[in-house]
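Working notes, structure below.
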Amino acid sequence: DTKTLQKRKYVVYYLHVQPERSIDVMAPNYVMQIEIIKQLRRSLPWNIDLLVKDHPASDGAQTFRFYSDLKKIYGVKLISSSVDSRSISINSLAVATVSGTVAYESALLNRPAIMFSKVFFSCLPSIHVYETPALLACYFRDLVNSEDKELQSDDSAILNYLENLYKNSVISDWDGFFGFLGRPTLLSITALIRSAVLKK
């Protein structure tokens, strides 16, 4: 029930489909997702829930032991794949994923995200790349104790990222349609991306 969730503080971890290149190849040290969930739970304050959302492409496809182990972890709740990801992400303290684009969506909204591998967008300022359990626990402590407005950065870092992405990309019809992508155009593109992410 998303209305009930809005009244609670939580972090949401998005399960990956496996086998999958983005986790089994790009993040071979983090293929055991139950261990990631345990680490996230250990790093969170006890009054913060950890939601685990099943992937739509493999809803209920984890092993029986996986779900059994998940049920035993205090403060962890399994969320059906039918629940709207955008609504639970927006209302969360942070999202967590091994290498999923859900972190990219959060970063474009200036919302915190935790990743367990480095990918092309993990340099964005609101993304925290996991390094050690101690650092992750400190990050969560700061996150919980910070005012929401302190977590919101301006768009300059995102615009710099998009500019660099454009400059280092190949020429395409995009250039013909829009010409050189100056900051006003980038701002409109950022707004368009956000509206797409937030669209119900």
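Every number here is computed from the coordinates shown, using simple stated rules; none is lab data. If you're wondering where the values come from, they're calculated on a predicted model, not measured in any experiment. All Cβ positions, glycine included, derive from the backbone under ideal geometry; neighbour counts span all protein chains shown.
Name the long-range amide H neighbours of Tyr13: under 5 Å, sequence gap of 5 or more, or other chain; modelled H, no Pro or chain starts.
Residues meeting the criterion, in which the H sits 1.01 Å from N, are Leu51, Val52, Lys53, Ala96.
In square nanometres, what is one fourth of the surface area of the convex hull spanned by the alpha carbons of the range 85-130? Write down the numbers at each step before the final one.
Values: hull surface 10.6 nm².
Directional mean of the projected Cα hull area for the range 85-130 stands at 2.7 nm².
State the three equivalent ellipsoid semi-axes of the range 1-97, derived from the C-alpha gyration tensor as the square roots of 5 times its eigenvalues, in descending order and whole Å.
Working: eigenvalues 87, 46, 34 Å².
Ellipsoid semi-axes (Å, largest first): 21, 15, 13.
A 31 angstrom limit on the alpha carbon distance is what I want to check against. Which of Lys77/Lys167; Lys9/Lys72; Lys53/Lys167; Lys118/Lys167 exceed it? Present the calculation step by step, with values, prior to reporting the outcome.
Numbers: Lys77/Lys167 43 Å; Lys9/Lys72 20 Å; Lys53/Lys167 36 Å; Lys118/Lys167 21 Å.
Checking Cα-Cα distances, Lys77/Lys167; Lys53/Lys167 exceed 31 Å.
Can you quote the Å³ per residue value for the convex hull of the Cα atoms in the range 50-92, rounded to an integer?
Details: hull volume 2.3 nm³, N = 43.
Value for the range 50-92: 55 Å³ per residue.
Using packing as a proxy for protection, rank 31-44, 98-111 so that the peptide with the highest average count of other Cβ atoms within 10 Å comes first.
Highest-to-lowest ranking by the protection proxy: 98-111, 31-44.
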